[in-house]
Each structure stands twice: as structure tokens, then as C-alpha cells.
1. Which residue fluctuates most in the GNM of the chain (Cα springs below 10 Å): A109, A84, A142?
2. Suppose every K and R has +1 on its Cβ and every D and E has -1 on its Cβ; what is the size of the dipole of the chain about the Cα centre, in Debye to the nearest 20?
3. Go ahead and estimate [θ] at 222 nm for the chain from helices alone: -39,500 (n - 2.57) per DSSP H run with n ≥ 4, summed, over the residue count, rounded to 500.
4. If you average the alpha carbon positions of segment 199-232 and of segment 172-189, how far apart do those two centres end up, in angstrom?
5. Could you pull out the pairs from K135/K287; K135/K282; K282/K411; K307/K411; K135/K159; K134/K411 whose alpha carbons sit more than 27 Å apart here?
6. Among A119, A399, A183, whose mean-square fluctuation peaks in a Gaussian network model of the chain (Cα, cutoff 10 Å)?
7. With angles folded into 0 to 90 degrees, how steeply does helix 38-66 sit against the dominant principal axis of the chain? Use alpha carbons for both and round to 10.
8. What fraction, in whole percent, of alpha-carbon pairs in the chain exceed 30 Å separation?
Amino acid sequence: MRKPSLLIVWLTVFIDLIGFGIVVPLVPVFAKRFDASSVTIGLVLACFSAMQFIFAPIWGRLSDRVGRRPIMLISTAGATISYAIFAFGSGLQDPVTALITLGIARAFAGAFGGNITVAQAYIADITPPENRSKKMGLIGMAFGLGFIFGPAIGGVSLKHLGITGPGWVAAGFCAVNFLLALAVLPESRQPGSEQAPERPHLAQWRHTLTTPGIGLLVIVFFLSTLCFSCFEVTLALLVCGNFGLDIKNDATTATVATYLFVYCGLISAFVQGGMIGRIVKKLGEPKVIMVSLILTATSLALLPFIKGSGLLSWGILAQPEGRAWWGLLGALGLLAIGSSLTRPPLFGLLSNLTSASEQGANIGVAQGAGSLARIIGQFSAPILLLDVSPYALFLGCAAVLLLTSFVVVQKLAPAKH
């Protein structure tokens with residue numbers, strides 16, 4: 001029997017997130033292509049998180065009982081089907097039918113989106129407590145690299161394969177990932193491992209949220225995810241508005257979104273793949289979480305004030321009018337660093353406070369809370385940006401993160417020491 005391997009589980013998550021990175025940045029673009037309102041765009045985006053909110057804790061609890069491997073296989077197979085539905089929907093001509101199909105595709109992906117929850121529990125199974133924050137950074141690194149390669153592949157496939165190309169390519173990546181996991185992914189849960197009491201869905205939420213320390217970490221993750229999701233789904237819209245670009249031009253919007261997501265992903269992968277372990281060792285998890293929230297808040301507060309003109313290119317970056325683009329890249333770099341420092345220490349600390357028998361359950365609840373945050377953010381952010389004000393959206397998110405960092409200082413750090 002093969003021994004559990006961090007490399008194999010990381011590779012499984014990475015390939016899964018390439019598919020995610022191909023499709024997600026283009027969802028609002030495709031929705032706008034069908035002249036969808038801001039409310040409709042929010043609903044399409046929120047379908048994924050709504051289903052993940054329900055199912056992530058279920059997959060986590062189930063992985064504590066039947067093992068990590070079968071749940072990751074089911075999740076990967078579901079992702080393959082969801083991207084095939086997305087490809088089909090993106091090529092439809094009738095706007096109503098197309099938007100409904102895109103919503104179904106995202107809902108299906110959310111229902112089977114258990115890979116991240118189970119991968120984190122897998123890492124906790126095979127990693128000593130003192131190294132968990134560092135190893136949890138591997139999941140963040142997979143996110144970062146997924147958003148380097150995914151959007152780039154999505155942009156190329158959109159250009160050369162047409163409007164349905166990104167969906168079919170994402171489905172292909174996930175199909176290969178399923179076959180790879182089926183062939184080489186071993187189980188990390190040992191036979192005869194202690195099992196936690198089986199609890200109904202709401203009872204598990206109540207148990208996790210009332211466990212000392214863990215409940216606070218889940219709330220912090222909820223708020224940080226809420227603010228990041230607001231940024232994530234409106235970045236292309238904000239940049240097109242502030243730089244005078246045509247949001248209805250698929251090629252223009254896809255180019256800007258792809259470049260900026262790749263740029264943020266590269267920084268995120270560097271921080272979480274190489275730096276996070278040393279930073280956590282020096283400062284401790286609570287201080288790293290606090291710093292991450294402050295950095296992210298600062299960058300979000302800057303973004304709506306950065307305005308310029310012209311399409312992003314190497315040429316414009318060398319011109320005086322390119323100063324606004326440099327300012328945007330600086331703010332996004334700060335945001336990528338800040339957001340990269342949140343997840344690994346938070347889940348490392350959460351895992352250390354959790355018994356071996358409840359890793360999947362508690363991590364699943366945390367991921368469910370993150371999904372609830374995305375439901376709220378993905379639905380409300382486009383409305384606030386387009387119908388109210390980008391200043392209200394981004395400054396409001398910055399204020400939430402600063403207040404959360406204050407709570408971390410007051411509550412979380414003393415609890416650690």
C-alpha cells in the first residue's frame with residue numbers, strides 16, 4: 001500500500017484549481033455578454049457558493065468516516081461534469097437559457113466542491129502540529145498557481161477555441177485529474193482511526209462554532225473571505241470602469257482579468273509556497289493573521305482611487321500615462337501578499353485545536369462559512385459596485401478587515417499564549 005504523500009494530494013488540488021482558474025474569472029464576463037443585470041450576475045456567481053455552503057461540511061464529516069480518497073475522487077468527477085455543463089451553456093444563443101445553464105453548472109460545481117476541505121484534512125492527518133501552518137500553505141500555493149495557469153489557459157482557449165473553449169478545457173483538466181487521483185492518490189486515514197460522534201448538519205455547525213478558539217477562527221475566516229470575494233468578482237468590472245475600457249468587449253475584459261489574476265497568483269504562490277513557514281515560525285499564527293488583514297484592508301482602500309486610461313500593455317507601462325497602472329499593480333501586489341498570509345496560519349491553528357477524529361468536520365464547517373461569505377459577497381458586490389459606488393464597496397470591506405484585525409489582537413493572540 002502506498003504511503004500518503006503531500007506531493008500527490010497537492011498535485012491533485014493544483015490540477016483541480018487550474019480548472020477553477022480557467023472558468024471563474026470569466027463567469028461575470030460571460031454573464032455580462034448576455035446583457036445580464038448586476039443582480040443576475042450576482043445570482044450566477046452565488047450558485048457555486050450556495051451549494052458549497054451546504055455540502056462542504058457534509059463532505060468533511062463524511063471524509064472523517066469513510067476516508068479522504070473516495071471523497072476527493074467524487075469531488076473531482078463532479079467538477080468534470082460541471083465544467084462540461086458550463087461549456088455547453090456558454091455557447092447557447094438564448095440569453096435566458098444560457099444564464100440558467102451557467103447557474104446550474106456553477107451550482108453543480110459547488111455541490112461537488114469538496115477537494116479543498118478534504119485536502120486540508122488530509123494534510124492534517126499526515127503532518128505534525130508544529131508544521132501544519134507551513135503545510136497548509138501548500139493549498140494556498142495551489143490556489144496561487146491555479147490562478148497563474150488557469151486564467152492564462154482560459155484566455156488562450158477563449159481566443160483559439162471560441163466562447164465554449166474555456167469550459168471544455170477545464171473539463172479536460174479535471175477528467176485527467178480524476179484518472180490521476182484514481183491511479184496514485186493513497187488514503188491518509190488509518191483503518192480503525194477514532195471517529196467523532198455523528199451529528200446532524202446544524203448540530204455540527206453549533207458544535208464547531210461553540211468550541212473554544214475554533215469558533216472565533218471560523219468567524220475570522222468568514223469575514224476575510226467575504227471581503228476577498230467582493231474584490232475577486234468585481235476586479236475586472238472596477239478596472240474597466242476606472243480605466244475607460246469596454247466591459248462588453250470579451251477580448252479586452254478577458255485580457256485585463258487574465259493578466260491581473262495571473263499577477264496576483266504569482267505573488268500568492270511565492271508567499272505561500274516559500275515564505276509562510278518562516279513567517280509563522282517567527283511571529284506565530286495570530287500575529288500573522290492580524291498583519292494579513294491589515295495589509296489586505298490597506299490595498300482594498302486604495303483600489304477605487306486608482307484611475308487611468310488605455311488598455312494594459314508593456315508599452316503603456318513605459319509611458320507617463322502608465323503610472324496609474326503601476327499604482328494598480330502595487331495595490332494588487334499588497335493585496336496578494338496580505339490575502340496569502342491569512343489562510344495557512346488560520347487553518348493551521350484551527351487544525352491544531354481540533355481532535356484527529358474531527359479534522360474533516362471542523363474544516364468543512366470553516367469552508368462552509370467561507371462559502372456563505374462568498375454567497376453574500378458574490379451577490380452583493382456587483383450590485384454595490386455598479387448601482388451604488390465602488391468607494392462604498394471597497395472602503396466598506398477595508399473597514400471590516402481592520403475591525404477584524406482588532407478582534408484578533410484582543411481575542412485570538414491572548415488565547416494562543
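Quick note: the coordinates plus some simple rules give every number you see, no bench work behind them. Bear in mind the structure is a predicted one, so any value in this text is a computation, not a measurement. Cβ coordinates were reconstructed from backbone atoms using ideal geometry, including for glycine residues, and neighbour counts include every protein chain displayed.
1. A84
2. 860 debye
3. It lands at -25500 deg cm²/dmol.
4. Between the Cα centres of segment 199-232 and segment 172-189 lies a distance of 29 Å.
5. K307/K411; K135/K159
6. Answer for the Gaussian network model of the chain: A183.
7. 20 degrees
8. 37 percent
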